[in-house]
Amino acid sequence: MNAPAEALDDPERAFVAKVREHGWFDTAVFGDVEGPGFSFTTGLWVNTGQPELIMFGMKREVAHDVFCELFREAKAGLPLPVGEPTDRAFENLLAYAFPVAKRFYRNHLGWSRWFYGGDEFPCLQIVWPDRSGVFPWEHGFDTAFAADQIDLTENGWESALTR
């Protein structure tokens, strides 16, 4: 955020300006044959000390609203619980937040990597359940949603659960 403006191109200046103005910015990536669409944040780490966030398979507007509320909570000093169910991401259903393994940063967190000058920032993946409240690692998860979320944890979502 402190790079001189003349060292940045127009898209980079616009990106930094949005992070300065709002405290964070979200980037949406459309799904394709390689995987589902996703959205992620940039600015939470530098402005709140809380991890950046990534979420797959949600409409951009929904992801933006979730990120916006979680940014407000992070500014108030309320960290998102990791590895345990929480109702803080969505009003009507539980979700989980899991640490994203660094090996996934290159393919999923481009603008954040540029902004931070590498991979030295934490990121949490928000994982949501199917319509029945069953999570991807649980028996009975609706397979219609199986391709909508990619596991970005180091050793699998189940291993990242707080027990």
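What to note about this one:
- For the range 55-73, the condition of being in a strand (DSSP E or B), out of contact with any Cys (no Cβ under 6 Å at 6 or more places or on another chain), within 18 Å of Ile150 (Cβ to Cβ) and in contact (Cβ under 8 Å) with a residue 24 or more places away in the chain holds for at least one residue.
- The set of residues in the range 18-51 being surrounded by 22 or more Cβ atoms within 10 Å (Cβ to Cβ) and among the aromatic types (Phe, Trp, Tyr) consists of Trp24, Phe25, Phe38, Phe40.
- Residues that are within 19 Å of Pro122 (Cβ to Cβ) and either in contact with a helix residue (DSSP H, G or I) (Cβ under 8 Å, 6 or more places away or on another chain) or without any contact (Cβ under 8 Å) to a residue 24 or more places away in the chain (or both), drawn from the range 152-163: Leu152, Thr153, Glu154, Asn155, Gly156, Ser159
- Boolean, Ala147 is among the aliphatic types (A, V, I, L, M), more than 26 Å from Arg13 (Cβ to Cβ) and in contact with a Leu (Cβ under 9 Å, 6 or more places away or on another chain): no
- Considering Phe56, Phe141, Phe115, Phe98, the condition of being within 20 Å of Phe30 (Cα to Cα) and among the aromatic types (Phe, Trp, Tyr) is satisfied by Phe56 alone.
- Taking residues in the range 124-137 that are more than 16 Å from Gly156 (Cβ to Cβ) and of a type in the set (Gly, Ala, Ser), and partners anywhere that are assigned to a loop (DSSP other than H, G, I, E, B) and at pLDDT below 95, the pairs with Cβ atoms closer than 7 Å and at least 6 places apart or on different chains are Gly133/Leu93.
- Counted residues, the range 80-121 - those being on the phi > 0 side of the Ramachandran plot and out of contact with any Ser or Thr (no Cβ under 7 Å at 6 or more places or on another chain): 2
- Members of the range 30-49 found to be touching a residue at least 40 places away in the same chain (Cβ under 8 Å) and either within 14 Å of Gly110 (Cβ to Cβ) or in a strand (DSSP E or B) (or both), listed by number: Gly35, Phe38, Phe40, Thr41, Thr42
- The number of residues in the range 52-89 being basic (Lys, Arg) and loosely packed, with under 14 Cβ neighbours inside 10 Å comes to 2.
Conditions (1) surrounded by 12 or more Cβ atoms within 10 Å (Cβ to Cβ); (2) touching a Lys or Arg at 6+ places or on another chain (Cβ under 9 Å); (3) at pLDDT 95 or above, marked per residue:
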site	(1), (2), (3)
Asn92	no, no, no
Phe98	yes, no, yes
Gly110	yes, no, no
Gly117	no, no, no
Pro122	yes, no, yes
Thr143	no, no, no
Ala147	yes, no, no
Glu158	yes, no, no
Leu161	yes, no, no
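The values are calculated or read from the model by the stated rules, or taken from the named source; none is laboratory data. On a predicted model such as this, the values are computed, not experimentally measured, just so you know. Neighbour counts are summed over all protein chains in view; Cβ atoms, including those assigned to glycine, are modelled from backbone coordinates with ideal geometry.
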